[in-house]
Amino acid sequence: MRQLYIREGSIGKMEAKKLRNIYICFPEGKHKVLTMSYDDGREEDRRLIALFNRYGIKGTFHVNSGITGDNRIPLSEYRTLYEGHEVSCHTYTHPTIARCPLEQVAEQIIEDRRELERAVGYPVRGMSYPNGSYSKEIMDLLPALGIRYSRIVGNSEHFAMPENYLEWKATCHHNHNLLRLGEEFINLYKTQYLYMMYVWGHSYEFTQMNNWSVMEDFCKLVGQREDIWYATNIQIVDYMDAADRLQFTISGDLVYNPSFQSVWISVDNQIIEIKGGQTVSLF
C-alpha cells in the first residue's frame, strides 16, 4: 500500500500538504482474493475441478510428472482437465528434497517442469514442496530454476499476503477449520487491507475421510461473490509483481504501468485501472 503527499495551494501561496490515500487493489478494485492449492494429481481432482468450475473458483494443481498409475491422472489429459486452472511443479518423483543433494533437487524440478510444460503448453513457474520438505539452500536455488513461488505445509489461520512467495504458507488445510475461516473471510470489510484466503490439501483425502461435503459447503459459501477475486497461485504472484512495478511521480499526480497487464489502485476511495504501458493522471 502506498501513501503519497500532495501539495495544494494557490498562486503565490503554499498551503499545508494534504495526505491522499493511494492503495494497491486486486483486479476491478477488489480487496480479497481466494486461491486453492492441491497436490499429487490424483483421480479425485476431476471431481474437485468440476466443483471449482461450478462456483467460479480457481485452483493450482501441483503434480509429479514422473509418477504414473496409482490413481494418477495421465499427462495426456492435463491440458483439457486443468484448463482454466494452473498446473504447477511438485518435483518429478516426489522425494523428500531437504535430504537430497542440490544437484538432484535441481534435476527433479527441471525434469518435472519439462514434462509438465510439454503436457499443458505454457511455462510452469510455481511449485509446492513434496512432503513439505525444503531448506534455505533449496529456496535460494529455485529462482535459477524458473520457480517464482513454492507452497509449504501448515496453517497460518490468517488472511495476510505472504512475505516470501518461496515460503508461502496457506491459510488452512481443508480439514482445518475451513468453514469457520471461510465465514471470517467473507465478512472481512476493511478496504484499506488486502486479504487472501489460501486453502491447500490433496483431493484424495476427501474420499479417504468421506467428507466431500466440507468442500461442497465451502464452495457454496465463498463462490461466485462480486467482492472476491478468484485466482491461481501464479496469477496472484504475477499481479503483485505488476503492482510493485508501478511508477509514481513525486507529486503523486501521475502513475506509469510498465507491465503488460492492468493494475487497479484506489485514490481516495476512487478505483482507477492503470492499463499496461499507460501513464495515467490521478487528478
Efficiency by 1/(1 + (r/R0)^6): what FRET value for residue 21 and residue 83, r their Cβ-Cβ distance, R0 = 45 Å, to the nearest 0.05?
-> 0.70
HN-Hα J in Hz across segment 40-56 - Karplus 6.51, -1.76, 1.60, θ = phi - 60°, x for Gly and Pro | 5, x, 7, 4, 5, 4, 4, 5, 5, 5, 4, 5, 4, 4, 4, 10, x
Tell me the label-point distance for the pair residue 186, residue 245, using the 7 Å Cα-to-Cβ offset, in nm and rounded to one decimal.
-> 3.6 nm
Most exposed first by the Cβ proxy, i.e. fewest other Cβ within 10 Å, how do 267, 87 rank?
-> 267, 87
Restraint check, 58/136; 32/136; 136/275; 190/220; 220/275; 169/275, Cα-Cα greater than 26 Å = 58/136; 32/136; 136/275; 220/275; 169/275
Could you list the residues of segment 111-146 with an amide nitrogen less than 20 Å from a label point located 7 Å from the Cα of residue 260 in the Cα-to-C-beta direction?
-> 117-126, 146
Within the set 132, 41, 29, GNM on the chain using Cα springs under 10 Å gives the largest fluctuation to 132
Answer rounded, prolate or oblate for segment 123-261, using the Cα gyration tensor with square roots of eigenvalues a ≥ b ≥ c: rounded when a/c is under 1.5, else prolate when a/b is larger than b/c, else oblate.
-> oblate
Most exposed first by the Cβ proxy, i.e. fewest other Cβ within 10 Å, how do 51, 19 rank?
-> 19, 51
Using the count of nearby Cβ atoms within 10 Å as a rough guide to exposure, how do 83, 184 rank from fewest to most?
-> 83, 184
Given backbone amide H placed at 1.01 Å from N, residues whose amide H is under 5 Å from that of residue 33, ignoring those fewer than 5 places away on the same chain, are 195, 196, 197, 229
According to a simple spin-label model (label point 7 Å from Cα along Cα-to-Cβ), what is the distance in nm between residue 103 and residue 141?
-> 1.1 nm
For segment 52-145, go through all pairs of different Cα atoms, get the mean of 1/r, take its inverse, and jot down that Kirkwood value in Å.
-> 13.8 Å
Would you mind estimating how fast the chain diffuses translationally, via Stokes-Einstein at 4 °C and 1.567 mPa s with the Kirkwood radius over Cα pairs, in µm²/s?
-> 64 µm²/s
Could you please tell me the mean projected area of the C-alpha convex hull for segment 184-281, averaged over all directions and given in square nanometres to one decimal?
-> 8.0 nm²
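Bear in mind these aren't lab numbers, they're just calculated from the coordinates by the rules spelled out. Source: prediction; values computed, not measured. Heads up, the Cβs are rebuilt from the backbone with ideal geometry, glycines too, and the neighbour counts pull from every protein chain shown.
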